[in-house]
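Single-structure report; data block below.
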Amino acid sequence: ITRKPETSNCAPALSQREFLPAYLHCIPLSPPSASASASAFVLARFNRARAARMTLPHFVCETPLFMPVGTQGTIKGLTTSQLEEIGCQIILGNTYHLALRPTSELINELGGLHKFMNWPRALLTDSGGFQMVSLLHLADITENGVTFQSPVDGSPMLLTPEESIQIQNKIGADIIMALDDVVKTTTTGPRIGEAMYRTIRWIDRCIAAHQRPDEQNLFAIVQGGLDPVLRDICVKALTKRNLPGYAIGGLAGGEDKDSFWRVVAQCTAALPEDKPRYVMGVGYPLDIVVCSALGADMYDCVYPTRTARFGSALTPEGVLKLRHKAMAEDTRPVDPTCACMVCRTYSRAYIHSLVTKDAMGSQLLSYHNLYYMLQLSRDLHYSIIQGRFPEFVCDFLKKMVSSDNHLNYDTQITDVFLPMKTLYLKMRKLLKIFLTVTSPSGSAMPWRLQKLILELVSHHPRPKQRSKMPLGLITGIARAMRRKRPSSLDILSSKRAPRNYYKGKNCKPTGFHTRKGGYVIVPEKLPNYVVPDLTNFMLKPYVSQCPIEVLTTEASEPIK
Amino acid sequence: MTLAFPVAMKFAVKTWSNGKARAGQLQLGSCPSPMETPALLLSTRKGLPLFISPDLLPDLPYPDSALLHVSPLHFVETMSPNIISKLGGLNQMLGLHRHAFAAFPRDSVQCLPEFDSSNKLGASFDTPSGRRLIKPVDYMELICSLKPSLWATLADEVPGWVSDHRNKASVDRTVKWLDDCISQSPASGAVFGAIVGGSDKEQRKRCALEVSKRNISGYWIGGFGFGESMDDRPALLNEVTDHLPGERPRLISGLGLPEEVLQGVAAGIDLFDSSYIYHLTLGGFALTFPLDLLNLAEEFPEKTMGIDQSKINLKATVYRKDTGPIVEGCVCYTCRNHTRAYINHLLNVHEMLAQILLEIHNTHHYLGFFQAIRSAIKEDKFERFCDMFLQKRRDHLTAAVAVGA
């Protein structure tokens with residue numbers, strides 16, 4: 001592995017300049033930090049947003065950046081040469097999957113993951129903890145590590161911080177993540193605090209077990225749920241360890257956006273300025289723009305590639321569902337403003353015919369979606385450097401909420417793009433965040449930005465839905481509303497409930513559910529009925545209906 | 001850049017061998033340089049290769065890979081002819097301006113002819129959107145919107161075991177539809193007349209003579225590849241090609257395996273459409289047979305018995321740690337950039353990239369095979385090439401038998 005020299009002034013080596021425009025002019029604002037081999041070198045700022053250059057052993061990256069997720073040693077459907085062409089800087093690999101197949105020993109023997117998949121630029125591996133908890137059955141977290149059921153033979157196994165770091169050392173990525181104790185954001189109670197303190201104890205074990213500190217950068221992960229106090233404790237404790245970079249974890253679950261942005265804002269305000277910040281699992285373009293404005297640098301998500309495989313393309317106007325039948329007649333490119341190979345060559349109608357039916361469709365859409373995300377990262381980086389970040393953000397939002405799109409269609413299609421109402425609500429929340437977030441020095445957002453956003457908001461009043469339903473439908477609905485409804489206190493039955501409602505009959509479970517949705521019966525749990533010997537048994541399983549003469553005593557006279 | 005007025009197809013035979021095999025040059029409208037025959041048509045789905053993405057296509061040897069086979073039936077139900085015309089036909093729609101397209105309905109993987117349901121109105125095919133009866137009118141509508149460089153007329157293909165009555169009927173229908181299609185043919189694009197006839201030599205001869213009477217640019221031979229035996233095939237092929245004029249190109253569909261290709265070349269056929277690469281790629285196989293047979297000395301390495309010297313199954317565990325390329329010295333994208341161990345891993349985790357890389361290599365290798373055939377014909381050593389090739393394929397079987405006995 002060749003180490004890139006630490007650059008002390010701005011111009012990058014010519015070989016990495018492929019996607020840098022000629023007019024780049026760097027303004028160094030802070031001296032390079034003295035950490036091992038990742039130096040984040042902030043080039044320019046706008047309030048809290050920063051554009052930086054991160055020097056890694058295999059590549060010099062420009063932040064804010066997006067990392068495609070190559071789970072099992074490859075991005076699904078794209079070759080490494082295509083990834084280089086679209087300007088991908090770092091790829092994420094999942095330790096859990098790679099340790100399973102082809103095993104970290106094999107990767108080590110063959111010279112590391114870079115050589116194995118022939119990717120010359122940077123790699124990042126996560127600790128494997130998240131997959132354990134989300135994928136595996138019976139994952140239990142103890143102080144020692146994460147116990148889980150091995151997917152190979154079902155035997156109990158233990159993943160300790162030491163082992164996670166060892167596996168990542170063998171894989172050989174430029175950035176490795178410490179094993180953390182992840183809890184869902186919907187959890188409440190002392191579990192969150194327990195997880196947070198355990199993460200801090202584990203980071204020390206990770207640091208001790210790390211055997212290649214000058215070739216691989218260990219990032220710590222800030223946990224603490226949605227509680228600002230816990231997050232603050234965690235940030236302070238991790239900062240004391242002086243690691244090459246920090247990640248903000250535990251946020252990719254089902255929390256609402258308000259809490260999400262608040263946590264990111266708090267962490268980015270408290271984390272050190274000269275180290276990169278990585279928000280894990282953040283993938284929607286809007287979220288990336290917001291987090292970049294709040295001061296985060298690195299993002300990863302499976303969203304672009306996954307949504308491509310399901311036939312949706314990311315465009316500046318929103319998510320375009322290419323599976324919709326309106327696309328069969330559309331001869332425009334997927335995104336007329338995009339410069340990628342797919343948008344320059346193919347039309348929506350052709351890609352509509354390919355998606356979900358042919359492998360080529362998901363390849364082309366993955367290519368376009370990743371190009372879109374990487375172009376977004378480049379745009380963020382250069383707009384900050386060139387001092388036009390607020391204009392870029394306003395332009396980005398305007399395109400997403402613009403109502404012109406809907407006029408291009410002859411038919412009334414409102415479900416091709418995300419409904420305007422949802423976007424509008426999202427934007428109002430965003431406006432609140434922007435207006436309340438302040439820069440470190442204490443001054444408020446520039447009034448220009450406020451004015452622009454207020455203008456946008458005022459031009460788009462809450463859209464009114466005009467009903468176009470026929471009269472019969474309306475009367476039917478009115479009738480349904482007037483009908484006497486059974487009290488909602490009635491016991492919910494399987495018939496009335498949503499499809500996933502399960503209600504049993506108090507039978508004891510006889511096995512366990514497998515990860516793939518099946519059910520394995522455990523013979524020991526099956527009810528074992530002990531039936532006695534029934535030879536010469538006189539009783540029958542029924543009572544005869546024919547009356548039989550029975551002699552009774554006088555006591556059975558009818559009562560008067 | 002497409003030409004404003006596409007040049008018609010030009011074909012010329014350059015070299016004749018002792019037998020009927022011939023090497024020629026085919027100049028098609030949209031390709032800047034001529035292709036050499038015998039040549040392979042790359043199979044596609046809706047115009048693009050199954051797994052090789054369009055930016056990796058230029059990596060394949062050009063102009064060998066310039067001719068792509070597209071089946072108009074892939075577009076039935078998914079894209080209407082209006083839209084295809086609006087987008088400017090195949091070359092414009094796919095952005096493949098240096099490539100030429102050959103359109104005929106039979107695609108040995110997805111669009112198989114259903115001879116039971118064909119009737120006098122049209123031919124029946126099993127398409128991705130169900131069983132369809134394709135009438136000459138509908139077929140021509142698709143061809144006119146696709147604007148391929150060369151296309152075959154609609155044919156009623158039957159396998160070899162049908163009754164004589166059915167066979168005769170198929171020949172009559174095919175000739176009738178040939179006339180229907182020619183009368184509605186678009187301005188551009190070379191017409192290839194379809195020749196069928198099952199396993200009946202008389203019918204084959206009759207069909208060939210009938211079709212050669214029409215003024216068309218080439219011949220598309222169908223009805224093979226339905227499971228007839230390889231021993232009977234050369235006689236039937238010869239029966240057809242004997243009665244066709246020599247200066248027009250011949251295209252055959254359904255002969256995919258290397259041995260079958262050699263049979264076809266020996267009978268005088270120039271263009272082949274094959275699903276061999278597709279089946280290999282899906283099974284995880286990569287072609288490894290040596291291409292340079294004529295100059296190869298006899299020290300062909302006899303590996304452990306049972307290993308098929310022509311292809312390797314990269315799913316096998318022996319390749320887990322193999323850091324060599326698939327074939328030493330191969331210049332395709334896969335062999336330059338990736339190792340057998342990596343492809344083995346990709347196959348084990350069911351990643352699409354495995355099929356992409358394998359299809360690139362297999363296509364490259366098979367095109368190299370055709371190149372070897374062409375050089376053998378030009379040096380007039382074609383029969384010897386055939387013999388050596390078949391012998392090498394059977395070598396491992398004889399070795400296995402010898403050891404086991």
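The values are calculated or read from the model by the stated rules, or taken from the named source; none is laboratory data. The structure displayed is predicted, hence computed values, not measured ones. We place every Cβ from the backbone using ideal geometry, glycine too, and count neighbours over all the protein chains shown. Side chains included, ligands, DNA and RNA excluded: accessible areas come from the protein's heavy atoms. Shrake-Rupley method; radii C 1.70, N 1.55, O 1.52, S 1.80 Å.
Within the set A:Gly111, A:Gly128, the sole residue that is at positive phi, open to solvent by 40 Å² or more (accessible area, probe 1.4 Å) and of a type outside the set (A, V, I, L, M, F, W, C) turns out to be A:Gly111. Filtered by the rule that a residue be buried (at least 23 other Cβ atoms within 10 Å of the Cβ), more than 14 Å from chain B (Cβ to nearest Cβ) and of a type in the set (Val, Ile, Thr), the range A:284-314 gives a lone residue, A:Val290. Just one of the numbered conditions (1) more than 11 Å from chain B (Cβ to nearest Cβ); (2) open to solvent by 20 Å² or more (accessible area, probe 1.4 Å); (3) assigned to a loop (DSSP other than H, G, I, E, B) is not true of A:Arg45: (3).
Looking at this structure, is A:Leu123 farther than 17 Å from B:Leu346 by Cα, open to solvent by less than 30 Å² (accessible area, probe 1.4 Å) and away from chain B (no Cβ under 14 Å)? So A:Leu123 fits the description; yes. Among the residues making up the range B:312-341, a single one is touching a helix residue (DSSP H, G or I) at 6+ places or on another chain (Cβ under 6 Å), closer than 14 Å to B:Phe285 by Cα and within 10 Å of chain A (Cβ to nearest Cβ): B:Thr334. Of the numbered criteria (1) open to solvent by 30 Å² or more (accessible area, probe 1.4 Å); (2) within 11 Å of chain A (Cβ to nearest Cβ), the one B:Leu346 fails is (1). Scoring B:Glu77 on the criteria (1) in contact (Cβ under 8 Å) with a residue 12 or more places away in the chain; (2) surrounded by 20 or more Cβ atoms within 10 Å (Cβ to Cβ); (3) over 18 Å from B:Leu367 (Cβ atoms) leaves a single failure, condition (2). Taking the range B:218-231 as the range and being in contact (Cβ under 8 Å) with a residue 40 or more places away in the chain and over 30 Å from B:Gln27 (Cβ atoms) as the test, the residues that pass are B:Phe226, B:Gly227, B:Glu228.
One line per residue, one yes/no per condition, for (1) modelled with pLDDT under 90; (2) open to solvent by less than 10 Å² (accessible area, probe 1.4 Å):
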residue	(1), (2)
B:Val331	no, no
B:Thr363	no, yes
B:Leu367	no, yes
B:Phe385	yes, yes
B:Phe389	yes, yes
B:Val401	yes, no
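Could you check the range B:112-133 and list, in sequence order, the residues that are aliphatic (A, V, I, L, M) and open to solvent by less than 10 Å² (accessible area, probe 1.4 Å)? The answer is B:Ala123, and nothing else. Within the range A:69-79, the residues that satisfy the criterion of being in contact (Cβ under 8 Å) with a residue 40 or more places away in the chain and open to solvent by 10 Å² or more (accessible area, probe 1.4 Å) are A:Val69, A:Thr71, A:Lys76. Can you confirm whether the range A:105-112 contains a residue that is more than 21 Å from the chain's Cα centre (by Cα), among the charged types (D, E, K, R) and at the interface with chain B (Cβ under 9 Å from one of its Cβ atoms)? Yes - at least one qualifying residue is present in the range A:105-112. Output the residues belonging to the range B:243-289 that are part of a helix (DSSP H, G or I) and closer than 25 Å to B:Glu351 by Cβ. Residues satisfying the conditions are B:Tyr276, B:Ile277, B:Tyr278, B:His279, B:Leu280, B:Thr281, B:Leu282, B:Gly283.
Please specify each residue of the range A:80-101 satisfying the condition of being within 10 Å of chain B (Cβ to nearest Cβ) and open to solvent by 10 Å² or more (accessible area, probe 1.4 Å). Matches in the range A:80-101: A:Thr80, A:Ser81, A:Glu85, A:His97, A:Leu100, A:Arg101.
Restricting the range A:328-345 to residues that are under 16 Å from B:Ser80 (Cα atoms) and open to solvent by less than 30 Å² (accessible area, probe 1.4 Å), the residue that is nearest to the other protein chains (Cβ to nearest Cβ) is A:Ala328. For the range A:346-373, the set of residues classified as facing chain B (nearest Cβ under 7 Å), within 19 Å of A:Thr79 (Cβ to Cβ) and small (Gly, Ala, Ser) consists of A:Ala359 only. Candidates in the range A:317-327 are the residues that are open to solvent by less than 20 Å² (accessible area, probe 1.4 Å) and in contact with a Ser or Thr (Cβ under 8 Å, 6 or more places away or on another chain); of these, the one that is nearest to the other protein chains (Cβ to nearest Cβ) is A:Leu322. Being in a strand (DSSP E or B), buried (at least 20 other Cβ atoms within 10 Å of the Cβ) and modelled with pLDDT of 95 or more is a description that applies to A:Phe66.
Residue count for the range B:80-96, restricted to those that are facing chain A (nearest Cβ under 10 Å) and open to solvent by 20 Å² or more (accessible area, probe 1.4 Å): 7. From the list A:Gln375, A:Gln386, the one residue that fits, being within 20 Å of A:Met67 (Cβ to Cβ) and open to solvent by 10 Å² or more (accessible area, probe 1.4 Å), is A:Gln375. If only residues of the range B:291-315 that are open to solvent by less than 40 Å² (accessible area, probe 1.4 Å) and either more than 30 Å from the chain's Cα centre (by Cα) or modelled with pLDDT of 65 or more (or both) are counted, the one that is farthest from B:Ile373 (Cα to Cα) is B:Leu314.
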